[in-house]
1. With Y420, Y410 as the choices, which residue is touching a helix residue (DSSP H, G or I) at 6+ places or on another chain (Cβ under 6 Å) and at pLDDT 95 or above?
2. Looking only at strands (runs of 3 or more DSSP E) that lie completely in segment 501-580, which have at least 3 residues being out of contact with any Lys or Arg (no Cβ under 8 Å at 6 or more places or on another chain)?
3. Looking only at segment 220-231, how many residues end up being surrounded by 17 or more Cβ atoms within 10 Å (Cβ to Cβ), more than 17 Å from G299 (Cβ to Cβ) and of a type outside the set (D, E)?
4. List every residue pair whose Cβ atoms sit under 9 Å apart, with the two residues 6 or more apart in sequence or on different chains, where the first one lies in segment 624-646 and is at positive phi and the second, anywhere, is outside any helix (DSSP H, G or I) and surrounded by fewer than 12 Cβ atoms within 10 Å (Cβ to Cβ).
5. Are any of the residues in segment 167-188 among the acidic types (D, E), in contact with a Leu (Cβ under 6 Å, 6 or more places away or on another chain) and outside the structural domain of F288 (by TED's automatic domain parsing)?
6. Can you name the number of the only condition in (1) assigned by TED's automatic domain parsing to the domain that holds M643; (2) out of contact with any Pro (no Cβ under 8 Å at 6 or more places or on another chain); (3) of a type in the set (F, W, Y) that Y547 fails?
7. Take segment 345-362 and flag every residue that is under 19 Å from F328 (Cβ atoms) and in contact (Cβ under 8 Å) with a residue 60 or more places away in the chain.
8. crowded, with 16+ Cβ neighbours inside 10 Å, in contact with a Leu (Cβ under 9 Å, 6 or more places away or on another chain) and part of a loop (DSSP other than H, G, I, E, B) - does that describe any residue in segment 412-427?
Amino acid sequence: MAKTIITAALPYANGLIHIGHIIEYVQADIYARFLRLIGEEVLFICASDMHGTPIEVKAQQAGIKPKEFAKKYHLLNKAVFKKYGMSFDNYYHTDSKENKELASSFFNTLNQKGYIYKKDMKVVFCPNCGRNLPDRYVKGTCPNCGGYDQYGDVCENCGLTLKGTDLVNPRCAICQKVPIFQLSENYFFSLSKFASELTNWLSQTELQLEIKNSIQEWLTKGLEDWCISRDGPYFGFKIPGEKNKYFYVWLDAPIGYISSTKNLREDWEEYWKNSKIIHVIGKDIIYFHFLFWPAVLMGVGYKAPDDIIVHGFLTVNGQKMSKSRGTFFTAEDFLKYYPAEYLRFYYAQHLSKKLADIDLDFEVFKSTINNKLVANLANFSYRTLSFVQQNYQGKIILPQKNQEIETEFYRLVDKIKQDYLGFNYKEAVNDILRISDLGNAYFQKTEPWKNPKEYHRQISFCVNLVKNLAILIKPILPQFAEKLEKQLGTDELSWKDLNFNYIGKIKSPKILLTKIETVPQQAIFPLDLRVGKILEVKNHPQADSLYLLQVDFGSEKRQAVAGLRKHLEPEQLLNKKAVFCLNIKPAKLRGEESNCMILAAGDEQNVSILELNRSELGEEVNFEGYLNNKQQITFEDFKKLIMAVKDGNVFYQTKILKTAKEQIKVIGIKDKALVG
C-alpha cells in the first residue's frame, strides 16, 4: 500500500492564527482526507514553530518567558485547528526533545560530511544592552525602498529579505540606542554545494511551473551559503559543543516535520526515507522549502520532497486583511459569524494547483454558500430524505436504474478523483455540484409528489445519489458528510461505496445547513484621518495663538491653521509625521484658509501631536474595525466626537487608533486627556 506524508507549514506560535493561515491547512487536510477515503496510508503531520526572535520580542512585551508564551499560542491554535476539522495524525511543537535530538543529529551528520563550516560575519551589537541583535532586535531604514522603522529580517514595505547589517541608520529595538558592527564567528551550511542536485531534483518533479521558474532563477544566479547559527541570548536549541551559540530557527523548524512524526510512530525514519513526501506551504517561504530544506535532506541522506504545493495569499473584499478596515479575522473570531465548514467550502471552490491569491469577498461568500452549497447540495439531500421519511416510513428499496445519469455520474467521479489527486479542488467542487444538479433535475422531472406510491424506486435512486454525494464531498465537508451518513443510516462510507446498490432505512432527516442572512458590516467613523508631514511652520500674521502649517500628504499638499502656537515650538512640529483630518469643511481663520486639521492631545499641562514614524504619507489612520468617512463634515460635527488618551494610546469608545504599520502613541499626556 502506498504511503504518503503530508505536511502543512508550521504556524508560528507568537499569536493567534487568522483566516488567511487557514487556507493552507484546509488545502492539506482535504488531500489527506481524500487519500484515506480511497484507502491509502497517510500521515498528516504538523506542529507549532516555537523558536526565534519574533517570539522572544512578543514574550518580552507580554512580560512572560518565551517558552510559556509560545506554549500558550501552541495550545490555542491547536484547539482552533480542531474546530476547523483538521485531521492531523499528530500536531506537535518544535521545542521538544525529539526535535532537539534530530536537530543535533542533522547538524552533526552535515558537519561530518563537510557541509558545515565556520567563518566570521558582520553582526549588529548593542554596547548598551551588551548583546548581539538578531533579526527583530534591530530596526532601521530599508536600503531598497527607504521604508522607515523596519526590522532586520524583512522589510514590511517592499518585502525584501534583509540582514540587520543591511539596515540604514540601525538602532537597537530594545533600548533605541545606536548599535555598532562587529565580527562574530558563525556556522554556515554549504547550500552552494547542492546546486547540481537541486537542479536535477527540480527537473524530475512536477512542481508548479511559476515556482519552478523562480527557483531556477535563484539557481542560475548562484546560491549563497546559509548562516545556521545565532549568538545568545536566543530562544532555541544550543548547538552541540557551544556555550553561547544556537541553531537559527530555520534549521530546526523544518526538522519539526520529522520530529512530529517521530513523536507519533516508532517507524518514523522508514516513513521519511521511503514514503511520498508532500509539503503544502505559502508563497512567502518558498526559498526555504525549495532550496535550503531539500539540500539539508539530501545532505543527511533523506529523500527530497516529491511535491511542494504553494498557495497564494488571502485578500478580503479585494484588499489586504486589515484590522483598521475591520477585515482582519482570527480563525476563532470568524466562527462567531459562520460555521467553519462554510469557509472550508469557499476555499475549496477557489483552490487549484495553480498559484493564485484568494479573495474572500463577503458578498460572493454569501452567494456561494447560499446558492451552491445550501440551495443545491444541502437542499437536494434534505428534500430527498424528508420525502422518503414522509411517504415511505424511511425505507429505501432497490433503486430504479437510470443509465443516462449513472453513465454521467461515473464519468464525473473519475474526473473528481483526478482533481482531488491533483489538488484541483475547484474543479472537484464544480463536478460534485453537477452531480447534485442531476439529482435535483431528476427529482423535479419525476414529480413524485403527484403519486408517491408509484415512485418509491425512483426516490430510492435519489437517496443513492445523496449517499454518493456524501462520499464525494467528505474531504471538504467532513462534518456535513458525517451527519448525512447518520441520517442515511449507513456506517462510515468510503470511495468503494460509490454505487447505486444501497437499500435500508434512514433516520429522521434534519436541515444540516442554512443560508447566510448577513455579512459583516463595517462601522463608519466620521473623520477621514490621514498621515501628513509638516513641511513648513509659520506664525499666523493675524493671530498670536495660531500657526500656518504646510502639510504633504504624498499625492497633494494642504494648509492647516493650527492653534498650537502657545503650546509647541516650531521645531517640535517641523518635518514631523502626524495625524490630520482631511474631510473637515475648509474654513478661513483670521483671513487664512485651513484645508485640513491636525489632531493633538492635551491635558491641563501639556499638548502633544499624534506623531507617527513608520507610516507612509497619505496613508489612512483608523480606529480598529472602522472605515473612515469620505464625506465632508463641519467643525461642529467634529466637536461632537470624543477621542481620549489611555495608556499612551488614542481611543474612540473601545477602539485604538492605528495605521496598517503602527499604533498611534501619545507621550507625556495624562490618561483621559481629550484629542481634538
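1. Y420
2. The strands (runs of 3 or more DSSP E) meeting that bar are 523-525, 529-539, 557-562.
3. 1
4. Final answer for the pair search is G625/A523.
5. The answer is no; no qualifying residue exists.
6. Only one criterion is unmet by Y547, namely (2).
7. Result: Y347, I358, L360, F362.
8. yes
The values are calculated or read from the model by the stated rules, or taken from the named source; none is laboratory data. As the structure is a computational prediction, the values presented were derived from the model and not from experiment. Positions of Cβ are generated from backbone atoms using ideal geometry, with glycine treated the same way; all protein chains shown enter the neighbour counts.
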